Structures are given as structure tokens and as C-alpha cells.
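The values are calculated or read from the model by the stated rules, or taken from the named source; none is laboratory data. Computed from a prediction, not measured in an experiment: that's the story for all the values here. With ideal geometry, Cβ positions are generated from the backbone for all residues, glycine too; neighbour counts draw on all protein chains shown. In case anyone asks, the SASA skips ligands and DNA or RNA and just uses the protein heavy atoms, side chains included. Shrake-Rupley method; radii C 1.70, N 1.55, O 1.52, S 1.80 Å.
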Amino acid sequence: MSRLGFLAILLGAFFVVTNGANKTFYDYYSYLWGTDHFIINPQGTEVQLKCDKSSGAGFRSKSQYAFGVFRIKMKIPNKKTGGIVTSFYLTSQGDNEDPGANHFELDFEFFGTTNATIQTNVFMNDSGHREQAFKLWFNPAWDFHTYEIRWNPYLILFSIDNIPIRVYYYTVLQPYPIVPMYVQASIWDPPPEWTWPGPVNWENAPFIAHYSDFGFDACPAPTANIKECYSDRYYWNNLSYIQLSDHEKEVMKTYRQKYMTYDYCDNPSTRKLECAYENK
């Protein structure tokens with residue numbers, strides 16, 4: 001067993017199993033777009049999103065939330081291509097809003113399927129550009145793995161299979177999400193002018209992404225007033241969740257040293273104030 005695999009098992013003991021686990025798609029989500037590219041099994045336990053030249057597909061949480069532990073199991077398409085984006089994310093954007101407009105968003109995104117690289121990004125009522133990209137120690141097309149975003153009034157933590165890979169702390173020196181967000185997942189191909197995801201090999205279409213284990217734990221916030229969601233009666237606002245333990249920090253440090261391939265904080269043109277605090 002690899003060192004990271006061993007650390008993942010140890011770290012799992014520090015996480016709480018909650019009532020949000022193993023719920024069906026219908027308990028939390030609804031279809032969003034891509035009518036005939038969206039497939040759900042009769043039990044509501046797995047969704048397939050298909051992307052071809054005509055369309056992609058996506059789904060979204062029935063409610064908006066402020067703070068919580070948001071997770072899903074995901075398996076990206078197994079046919080090789082660049083360009084196709086498979087994602088799980090939180091966003092403050094509603095229907096028919098300009099996708100380029102300033103907004104809050106927390107992303108897990110795969111660009112293409114030709115390697116095992118995943119990108120995280122953070123939008124703070126702006127256009128984002130806080131990318132950090134990572135190699136994975138597994139092939140994300142072979143099996144389901146858990147992608148999790150912990151968001152509370154103190155930090156944002158990105159984890160994969162209980163391994164923390166990135167933390168964004170709240171400080172008075174930087175913006176922070178202060179509005180409710182939807183939970184969304186999608187597969188799509190960017191417009192031609194977006195050259196950085198690479199070209200799509202349409203000969204291998206359709207590309208199918210799989211999602212399961214739809215339950216998450218969060219504070220419903222259907223209006224802009226999220227005062228109630230700061231309450232410490234929610235476990236994710238308690239001490240063990242508002243800071244990383246020494247063990248979590250060591251696991252994250254090991255992962256980042258071995259697998260991180262890009263960090264906006266290392267680029268003078270994209271570095272921001274929070275880079276002095278991230279991942280400490």
C-alpha cells in the first residue's frame with residue numbers, strides 16, 4: 001500500500017458519518033439541462049451525463065445552501081479526449097445569468113480524460129483565476145471516488161477520498177462567499193476560443209460521466225440572509241471542522257508536494273493576497 005493510501009485510511013477515522021450519506025438523487029437534486037443526455041437509474045442511485053456534439057448535460061440541487069460539507073462520488077468518461085469538462089461545484093449563479101459575470105463559485109473540474117489531472121478553482125465575486133491543479137494517484141475513469149468541499153465561516157477545504165488537497169482560509173484581507181450557492185454537476189465542451197482544455201476527439205463520442213452517493217450536509221438558505229447558517233449547532237461550524245488538525249496538515253502537505261502541478265500563487269500575474277494564508 002502506498003503512503004498516501006495508508007494516510008487516507010488513517011484520515012478517514014477523523015471524519016463523521018452523517019445522515020446525508022447514501023441518499024438518492026431525488027432527495028437533493030433535479031435535472032438542469034441536456035434533456036436526452038441525462039440518464040438516471042430506477043433506484044435514483046446513479047446518474048449518467050452524456051456529452052456529444054449536440055449537447056452536454058447537468059443537474060443542480062433543489063435548494064441553495066450556505067455552509068456545509070458537500071460531497072459526491074464521480075467517475076469521468078473512459079473514452080480518451082481533451083476538451084470535455086466534467087465537474088462538481090458550488091455556484092451562486094442562477095438561471096440565465098451571464099456565465100462570465102462576477103459570482104461566487106467553488107470548483108472541482110476535469111479537463112479532458114487523457115490524464116488524471118483535476119483542477120480546483122475559487123471565484124470570490126469575481127472571475128476566479130485561483131486555479132490549483134493536481135495529478136491523482138488513481139485513474140478517475142475506472143471507478144467512483146469521493147470529491148468533497150467543506151465550506152464554513154472559517155475555511156474552504158477541498159478533499160478527495162478524505163485526503164485534503166487544498167484549503168482557503170477566511171481572513172479580513174480577502175473576500176469570502178457570503179451568499180447562498182447551488183450544488184451542481186455537469187459535462188460539457190467549452191467554446192472553440194477556449195483553447196486551454198485542448199481539442200475534443202469527437203470520433204470517441206459520446207462521453208459519459210457517472211455520479212452517485214448524492215447526500216450532503218448543509219444549511220438551507222433560500223434567501224440572501226444566511227445569518228442562521230453561522231450557528232454552531234451545525235457540526236461543520238464546530239472546532240474540529242473550522243481548522244485543520246496537525247494530521248490533516250501533514251496529509252495535505254504530502255499530497256501537494258507529490259501531486260500538485262499548478263498553483264496560481266506561484267505565478268506573479270495571478271498571485272493574490274490570500275496566497276500568504278492558503279494551505280498553512
Practice task
Using a 1.4 angstrom probe, figure out how much accessible area segment 25-276 has per residue, in square angstrom, rounded to the nearest whole.
Solution key: 44
Practice task
Positive end of the charge dipole of segment 25-276 (Lys, Arg +1 and Asp, Glu -1 on Cβ, about the Cα centre): tell me which of His103, Thr114, His210 has its Cα farthest that way.
Solution key: Thr114
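Of the accessible area of the chain, with the probe set at 1.4 angstrom, what percent is carbon plus sulfur?
On the way: 6780 of 12940 Å².
Result for the chain: 52 percent of the exposed heavy-atom area is carbon or sulfur.
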Fill in the blank from the handout: Rounded to whole angstrom, the alpha-carbon centroid of segment 209-280 lies from that of segment 165-188 at a distance of 8
Exercise for the section: Determine the sum of side-chain charges near Gly83: Lys and Arg each +1, Asp and Glu each -1, restricted to other residues whose C-beta is under 14 angstrom from that of Gly83. Expected result: -2
Exercise for the section: Could you run the Karplus curve 6.51 cos²θ - 1.76 cosθ + 1.60 with θ = phi - 60° over segment 185-197 and give me ³J(HN,Hα) per residue in whole Hz, x for Gly and Pro? Expected result: 9, 7, 9, 6, 10, x, x, x, 6, 8, 7, 5, x
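Scale the Cα Rg of segment 119-166 by the rule-of-thumb value 2.2 N^0.38 Å and send over the ratio, two decimals. Display every interim value, and only then the final one.
Working: Rg = 12.3 Å, N = 48, 2.2 N^0.38 = 9.6 Å.
Ratio of Cα Rg to 2.2 N^0.38 Å: 1.28.
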Completion exercise
For the chain, the percent of all C-alpha pairs falling in each 10 Å bin, from 0 up to the bin holding the max distance, is 6, 30, 38, 22, 3, 0
Handout entry: In order through segment 74-90: 3J(HN,Hα) via Karplus (6.51 cos²θ - 1.76 cosθ + 1.60), integer Hz, x for Gly, Pro
Key = 9, 9, 7, x, 9, 8, 6, 6, x, x, 5, 9, 10, 9, 9, 7, 10
Problem - Orphan Cys of the chain, criterion: no other Cys C-beta under 4.7 Å - result: Cys51
Problem - Positive-end residue, the chain charge dipole about Cα centroid, Cβ charges, pick of Val167, Trp194, Ser55 - result: Val167
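When each pair of different Cα atoms in segment 135-225 is counted once in the 1/r mean, what is the Kirkwood radius in angstroms, to one decimal?
Computed over segment 135-225, the radius equals 16.8 Å.
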Fill in the blank from the handout: Non-local residues with an amide H under 5 Å from the amide H of His145, with H modelled 1.01 Å from N and Pro and chain starts lacking one, are Met74
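Are there GluC sites (Glu not before Pro) in segment 116-223 that DSSP marks as loop and that have at most 13 other Cβ atoms within 10 Å, and which are they?
Working: sites: Glu131, Glu148, Glu193, Glu203; in loops: Glu131, Glu193.
Passing sites in segment 116-223 are Glu193.
Using a simple charge model, +1 on the beta-carbon of Lys and Arg, -1 on the beta-carbon of Asp and Glu, nothing else, what dipole does the chain show about its Cα centre, in debye to the nearest 20? Spell out each step's value before the answer.
Numbers: 24 positive and 29 negative charges, 121 e Å.
About 580 debye.
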Handout entry: Helix-only [θ]222 nm of the chain, DSSP H runs n ≥ 4, -39500 (n - 2.57) each, per residue, nearest 500
Key = -3000 deg cm²/dmol
Fill in the blank from the handout: Diffing segment 267-272: the Karplus 3J(HN,Hα) column from phi (6.51, -1.76, 1.60, θ = phi - 60°), in whole Hz with x for Gly and Pro, holds 9, x, 6, 10, 4, 10
